Amino acid sequence: MINLDGDLGIPKFSLAEREHRWARVRRLMERDGMDAIFVPPHTGLFDTQQANTRYLTGLGGNHWTLATIFPIEGDVTVFTSADVHPTICMQRQDWVDDVRVMTGAWGFTRSAIERLKELRGLRRLGVFGLAGNTRFPEGTTSHGTVQLLREALRDVELVNATSLMAEARFIKSREEIAFLRKGTEILERAIDVIVQEARPGVPENVIYAHMVASLVESGSELPAFILWSAGSPQPLSNAYMPSRRALRAGDAIMTELQARYAGCDAAGAQALFLGRAPDDYHEMFARQQEAVRICHAMLRPGQPVGAIAESINGMTDARFDVRVLMHGRGMGDDSPLAVFGVRDAAMANWTVEENSAFVVKPIVSTKDRSKWIYWGDTVICTPQGAERLGKRAPAIIEIL
């Protein structure tokens with residue numbers, strides 16, 4: 001199922017996968033009256049904003065700045081930054097032949113405009129990122145990009161392609177599921193690194209560094225999304241970077257991380273303790289696992305995300321707060337999103353479909369948030385409920 005390039009060992013999706021994706025996107029473009037889609041460059045939030053170029057071309061990784069022109073018919077064009085030669089692009093994918101270097105001082109839009117002017121009958125241009133991104137509802141495409149497009153293409157209507165691309169990417173193919181499964185395997189090895197190396201006296205950043213090394217060695221791309229916290233008393237939240245503090249006996253360690261295999265982001269969360277976890281954490285974990293089971297059971301085709309969030313948040317009682325923590329998985333910035341709740345009607349009414357992918361990791365805390373715990377991994381939605389891609393036993397890991 002996973003195709004590796006012979007010499008370079010680069011995992012690649014098949015040409016059949018390309019045809020499947022391109023046909024799906026073009027059907028949606030025809031439905032919405034778009035003649036072409038422009039995906040501007042944006043490497044924010046751990047490279048997740050490059051997800052649509054990765055989905056359409058197979059190119060990306062480690063903040064590689066790229067842009068894409070995807071017409072409703074004809075050649076797809078990808079623009080690479082000036083520091084990466086087009087021959088490198090051809091080595092890393094076999095989907096797109098029209099690879100161009102952006103011109104100017106790191107400005108992609110003028111190069112994209114030149115390509116757009118080559119398209120016959122361009123009347124409605126879909127631009128990704130004008131508004132409604134999963135994690136940036138205000139949008140990610142810059143004012144300067146929109147202004148240049150309007151000035152150069154005065155007879156072309158600019159429309160928002162954000163929701164179209166989210167819809168196109170929601171249901172996962174067999175190949176995508178295989179890549180997410182591989183990513184899950186890689187991140188579970190990184191969790192094993194914590195178990196092997198976390199001991200009193202070892203600095204947090206050393207373990208963190210070895211986790212990143214494990215991800216890369218096993219085939220994950222960078223950037224690696226890792227949330228981390230360690231301490232006793234427990235920190236109030238995770239952080240994006242570790243400290244250099246030496247671990248101590250009794251520390252609670254919480255981590256949430258991703259492994260990106262060929263652009264597919266698998267995610268997981270794990271709770272660990274240096275020593276025995278206090279009884280109240282085991283009690284919270286039992287409640288957390290009950291929430292996981294409810295999420296898994298409800299993740300069936302036809303179920304609205306808002307109903308799942310309402311069921312999980314309804315588990316809150318006089319002792320513990322229980323909050324939904326669940327969102328789409330794929331190539332980045334995946335919809336829908338339910339973090340502690342749902343932000344709007346679009347997310348609440350988003351309907352689960354077969355072969356959609358989520359990370360499920362509800363969080364349980366004391367009322368003052370001084371103690372909290374979570375656990376979870378990536379799942380695929382089936383008519384019977386969620387199918388886990390991970391193999392970890394659901395447990396607090398106690399390092400004795």
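The values are calculated or read from the model by the stated rules, or taken from the named source; none is laboratory data. The shown structure was predicted, so the numbers you read here are calculated from the model rather than taken from an experiment. Note: ideal-geometry Cβ built from the backbone for every residue, glycine included; neighbour counts use all protein chains shown. Note: areas computed on protein heavy atoms with side chains; ligands, DNA, RNA excluded. Shrake-Rupley method; radii C 1.70, N 1.55, O 1.52, S 1.80 Å.
Among the residues of region 339-377, those that are under 22 Å from I171 (Cα atoms) and aromatic (F, W, Y) comprise W350, F358. When L215, L222, L257 are checked against the criterion of being open to solvent by 30 Å² or more (accessible area, probe 1.4 Å) and not aromatic (F, W, Y), a single residue qualifies: L222.
A count restricted to region 47-88 and to residues that are among the acidic types (D, E) and under 19 Å from L116 (Cβ atoms) stands at 2. Flag set for A131, criterion: farther than 24 Å from R260 by Cβ, in contact with a Ser or Thr (Cβ under 8 Å, 6 or more places away or on another chain), open to solvent by 10 Å² or more (accessible area, probe 1.4 Å) and of a type in the set (A, V, I, L, M, F, W, C). Scanning region 8-30 for residues that are among the basic types (K, R) and surrounded by fewer than 17 Cβ atoms within 10 Å (Cβ to Cβ), which turns out nearest to R54 (Cα to Cα)? Looking at the filtered set, the residue picked out is R24.
A search for C-beta distances below 6 Å between a residue of region 387-400 that is touching a residue at least 60 places away in the same chain (Cβ under 8 Å) and any residue that is open to solvent by 70 Å² or more (accessible area, probe 1.4 Å) and part of a loop (DSSP other than H, G, I, E, B), counting only pairs 6+ apart in sequence or on different chains, returns E398/R276.
Within region 66-82, can one find any residue that is among the polar types (S, T, N, Q) and on the phi > 0 side of the Ramachandran plot? No - not one qualifying residue is present in region 66-82. Candidates are the residues of region 363-400 that are more than 19 Å from A252 (Cα to Cα) and among the acidic types (D, E); the one that is most open to solvent (accessible area, probe 1.4 Å) is E387.
The set of residues in region 34-84 being small (G, A, S), touching a residue at least 60 places away in the same chain (Cβ under 8 Å) and crowded, with 24+ Cβ neighbours inside 10 Å consists of A36, A51, G60. Contact map, region 1-28: first residue farther than 16 Å from G330 by Cβ, second residue modelled with pLDDT under 95 and in a helix (DSSP H, G or I), Cβ cut-off under 8 Å, separation 6 or more or different chains; pairs are D5/Q91; L8/Q91; L8/R92; I10/Q91; I10/R92; K12/R92. Per this entry, R174 is not counted among residues that are free of Cβ contacts under 8 Å to residues at least 12 places away in the same chain, surrounded by fewer than 21 Cβ atoms within 10 Å (Cβ to Cβ) and out of contact with any helix residue (DSSP H, G or I) (no Cβ under 6 Å at 6 or more places or on another chain).
When region 348-400 is filtered for residues that are assigned to a loop (DSSP other than H, G, I, E, B) and of a type in the set (F, W, Y), the ones remaining, listed by number, are W350, W375. Flag: I194 matches the condition of being over 23 Å from G44 (Cβ atoms) and touching a helix residue (DSSP H, G or I) at 6+ places or on another chain (Cβ under 8 Å).
Yes or no, residue by residue, for (1) open to solvent by 10 Å² or more (accessible area, probe 1.4 Å); (2) within 20 Å of the chain's Cα centre (by Cα); (3) at positive phi:
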{"residue": "V322", "(1), (2), (3)": "no, no, no"}
{"residue": "M326", "(1), (2), (3)": "no, yes, no"}
{"residue": "R343", "(1), (2), (3)": "yes, yes, no"}
{"residue": "A348", "(1), (2), (3)": "yes, yes, no"}
{"residue": "V352", "(1), (2), (3)": "no, yes, no"}
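Check whether at least one residue in region 272-281 is in contact with a Lys or Arg (Cβ under 9 Å, 6 or more places away or on another chain), part of a helix (DSSP H, G or I) and either open to solvent by 30 Å² or more (accessible area, probe 1.4 Å) or over 20 Å from K391 (Cβ atoms) (or both), and report yes or no. So far as region 272-281 goes, yes, one or more of its residues are in contact with a Lys or Arg (Cβ under 9 Å, 6 or more places away or on another chain), part of a helix (DSSP H, G or I) and either open to solvent by 30 Å² or more (accessible area, probe 1.4 Å) or over 20 Å from K391 (Cβ atoms) (or both).
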